[in-house]
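Q: Sharing a structure with you now.
The values are calculated or read from the model by the stated rules, or taken from the named source; none is laboratory data. Everything quoted here is computed from the prediction, not taken from an experiment. A quick note on method: Cβ atoms are made from the backbone with ideal geometry, for glycine too, and the neighbour counts reach across all protein chains shown. SASA here: full protein model, heavy atoms, side chains in, ligands and nucleic acids out. Shrake-Rupley method; radii C 1.70, N 1.55, O 1.52, S 1.80 Å.
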Amino acid sequence: MTRFLKLFIKELLSMFLLIIGVTALLFLLFNLMPGSFPGKGLGGAEYLKLLRRLFTFQFGTSIVSGRDINTIVFPAFRNTLILTIGSIFLSILISVPIGIFSAYRGFESYSWPFVIFSYIMSSIPVFYLGYLVIYAVSRYTGYLPIYYPYGSERGNPLISYVLPVLVLGFGNESISEIVRLIANELKRVMNTDYVVASKARGESVLRSSINEGILIPLISIIFSKIPFLIGGAVIVEHVFNWPGMGRLAFQSTLNRDLPVLIVIAFLAVLCVRSGMLLKELILYYFRPGEK
Amino acid sequence: MKRFYYEKERINIEGFHVPLSKRASVRDVVSVGFGLFVVFYLFVFFVISVTNTFIKDPMQVEISKMFLSPSFEHIFGTDFLGRDIFLRIVKGTEAFFIPGIISVTISTTFGLLFGIISAYYPRYFSKIIFYFLNIIDSIPRLIFILIIIVLFNPSIYLIMTFVGISSIPKVSSYIKSKVELLKKQQFIEACKELGLSQVNIIFKHIVWLSSKSVLIIQATLGMGESILIETSLSYLGIGVQEPIPSWGNMVSMGKDFFFQGKIWLSTIPALVILVTIMGLYLLGDGLNSIYSEKVSR
């Protein structure tokens, strides 16, 4: 337990240091920009002001709409979180069985089409996939809503989550990487001595290699894919007109609304780093002996 | 008993003894062949578009030939201004070829440098370098690009430079783990005992002879990623601008006619993107499984 606490505090400290570093980098970049905007200015005092605003979650006002940034960002953040987590689960559901199937010896020719499918899914442009799905669904079925019902009572928002989650879950670039990693790791683990010994005892090969062969690589890749998912969410939210953080980032890019953009970057970095923290803790749970 | 040990030794060092031709399976050969085909046609398209040896100008507007479906005269059909889609695809390689190569060069050279330094000096240099690399790694790439576009101008060269910078952490962590493995191998110790200089050992025996496969794989993956990023930026309207063709540009302009049933306008460029990126990924994957040491039992 003390070791766990030690690890937790160490990781928390490094996360805090990294977030400080990221905000410093963003501040430096903003000061390199030609021209001026509210809140710009070199010097430690300005930077400390920015840090205080960010860490107390009092983000100030947007320079374009004049609204409080908290009321804009947090609903968008919630929507993006739902989209991202749902698509991560969908990606795992698709890619893990393919990876397991292609790790077995003698099944190579049967699993090859599935592996090719995973490659196709990770190399198709996400927005093209989105338009294809919208075209097919709206033209031939008409069951699923293709947009998010803003403020109106008509339509269930839960059903409108289905299509974006489906598109982002299939179309993010991580499916082929997960398949490749799990196939390689499982193939390696299935040939280690302890798995062969358990096979000789009559136990299932998959069951005895599930910890080292599937769970550990899966956890270590899933949490490091969060930045890419947030990037993909920008595109998918633009296709489905989804009121999330990515679309907000794009709009504030077009409006040159830097205070909103720095808040979005901060929240994204917070997401990424807390994902990494979670990854370290879960990996500690799965292999407490190492380190 | 003695023979058993001998065979075990051979299995462990198989990666160095079995010739490449025997290590590759049919699947690897097919994927590498497909990838090489993709690289070949990319190169040919690029040469054609740079030297401007077109049969017909790809920018020429012909209103009378709008929305022609694929035929012998126009292999991929014509778009909403009557321009030939095949010629525009050939011309569109110019939009990402040089920027993609710039980004791949940046990511591999700096990744190699930082990886080697942090593997050789694990106490202080490694921690400092990986602190900065983690900073770059934790900003989502597309949001980083959006910030760059706000701050500076949306030129594709600048964007691809930053894409290259943002993929340094991945490459250098791969290189670091590879070099850390190699450092303990016997042949490196033998090199040291023979009195070779440190620079010679690092650049000849570690980089060139043992980890160039990692670099090639990362380069192919990086090229595929840069095509995808160009595509998504062109979709958002901040990449290459319209009269100049690029693949993402063509897909995103064609999507406006999607619901009129003219699906080939965006489908054909999307298919070209798909085949190209899949070829590059398969090339990397095939090379990876050929070069990696096989576990045999």
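Q: Given only helices, namely DSSP H runs of n ≥ 4 each adding -39500 (n - 2.57), what is the per-residue ellipticity at 222 nm of chain B, to the nearest 500 deg cm²/dmol?
A: About -22500 deg cm²/dmol.
Q: Before I look further, what does chain A give for accessible area per residue, probe 1.4 Å, in whole square angstrom?
A: Using a 1.4 Å probe on heavy atoms only, each residue of chain A averages 49 Å².
Q: Hey, another quick one. Tell me, what is the Rg over Rh of the protein assembly as shown, with Rh the Kirkwood radius over Cα pairs?
A: 0.97
Q: Taking all protein chains together and a probe of 1.4 Å, list A:F59, B:F34 from the most accessible to the least accessible.
A: These residues rank, largest area first, as B:F34, A:F59.
Q: Give me the residues in the range B:137-175 whose solvent-accessible area, probe 1.4 Å, is reduced by at least 40 Å² once all protein chains are included instead of the chain isolated.
A: Flagged in the range B:137-175: B:S138, B:I139, B:P140, B:L142, B:I143, B:L146, B:I147, B:V150, B:L151, B:F152.
Q: As a check on your grasp of the helix formula, calculate [θ] at 222 nm for chain A: sum -39500 (n - 2.57) over DSSP H runs of n ≥ 4, divide by the residue count, round to the nearest 500.
A: -23500 deg cm²/dmol
Q: Using a cut-off of under 19 Å, list every residue of the range B:92-134 whose amide N is near the label point 7 Å from the Cα of B:K56 along the Cα-to-beta-carbon line.
A: Within reach of a label on B:K56, which here means backbone N under 19 Å from a point 7 Å along Cα→Cβ, the range B:92-134 contributes B:92-93.
Q: Select from B:I129, B:T220, B:P140 the residue farthest towards the positive end of the dipole of the range B:107-231; place +1 on Cβ of Lys and Arg, -1 on Cβ of Asp and Glu, and compute about the Cα centre.
A: Farthest along the dipole direction, towards plus: B:I129.
Q: Along the Cα-to-Cβ line of A:V205, 7 Å from the Cα, sits a label point; which residues in the range A:93-108 have backbone N less than 19 Å from it?
A: It comes to A:96-108, nothing else.
Q: For the range B:30-291, what is the accessible area per residue in Å², given a 1.4 Å probe and the full set of protein chains?
A: Accessible area per residue, the range B:30-291: 43 Å².
Q: In the protein assembly as shown, if the dipole is taken from +1 on Lys/Arg beta carbons and -1 on Asp/Glu beta carbons about the Cα centre, which of B:W208, A:I262, B:T53 is farthest to the positive end?
A: B:W208
Q: Turning to a different aspect of this structure: Highest GNM mean-square fluctuation, chain A, Cα pairs closer than 10 Å: which of A:A249, A:A136, A:A265?
A: A:A136
Q: Oh, and also: Which of the residues in the range B:227-251 lose at least 40 Å² of accessible area when you go from the chain alone to all protein chains together (probe 1.4 Å)?
A: Buried by 40 Å² or more upon assembly, which counts only protein chains, are B:L228, B:Y235, B:L236.
Q: Further question: Provide the net charge surrounding B:I102, with neighbours chosen by a C-beta distance below 15 Å and charges set as Lys +1, Arg +1, Asp -1, Glu -1.
A: My count for the surroundings of B:I102 gives -3.
Q: In chain B, with Lys and Arg counted as +1 and Asp and Glu as -1 at Cβ, which of these residues, B:S31, B:A119, B:T276, has the Cα nearest the positive end of the dipole, that is, farthest along it?
A: Value: B:A119.
Q: Here's another thing I want to ask about it. How much solvent-accessible surface does B:V199 expose, in Å² to the nearest 10, with a 1.4 Å probe and all protein chains in place?
A: 100
Q: Of B:V32, B:V272, B:V214, which is the most mobile in a GNM of chain B whose springs link Cα atoms less than 10 angstrom apart?
A: Judging by the Gaussian network model, the answer is B:V272.
Q: A further question follows. To the nearest hundred square angstrom, how large is the accessible surface buried between B and A, total for both chains, probe 1.4 angstrom?
A: The contact between A and B buries close to 5000 Å².
Q: How many nm is it between the label spots at A:L158 and B:F259, if each spot is 7 Å from the Cα in line with the beta carbon?
A: So the two model labels end up 2.8 nm from each other.
Q: While we're here: Keeping to pairs on different chains or 8 or more places apart, tell me how many lysine pairs in chain A have Cα atoms under 22 Å apart.
A: 8
Q: Moving on. In whole percent, and with a 1.4 Å probe on the protein chains, what portion of the accessible area of chain B is carbon and sulfur?
A: Answer for chain B: carbon and sulfur cover 67 percent of the accessible area.
Q: Per residue of A:126-136, count partner chain C-beta atoms within 10 Å of its C-beta, then hand back the mean as an integer.
A: Neighbouring Cβ atoms belonging to other protein chains average 5 per residue here.
Q: Which of the peptides A:216-227, B:252-263, B:132-143, B:66-77 is most tightly packed, and how do the rest follow, going by the mean number of other Cβ atoms within 10 Å of each residue?
A: Going by the mean number of other Cβ atoms within 10 Å, highest first, we get B:132-143, A:216-227, B:252-263, B:66-77.
Q: Going by accessible area, probe 1.4 Å, with all protein chains left in place, what is the ranking of B:K170, A:K279, B:K192, largest first?
A: Result, largest first: B:K192, B:K170, A:K279.
Q: Using 0.36 nm times the number of residues separating B:S177 and B:I244, minus their current alpha carbon distance, what extension gain do you get?
A: Result for the pair: 19.9 nm of gain on full extension.
Q: May I pose another question? For the range A:2-286, place one equal point scatterer on every Cα, skip the solvent, and apply the Debye formula. What is log10 of I(q)/I(0) at q = 0.07, 0.12, 0.16 Å⁻¹?
A: Each listed q maps to, in turn, -0.35, -0.91, -1.27.
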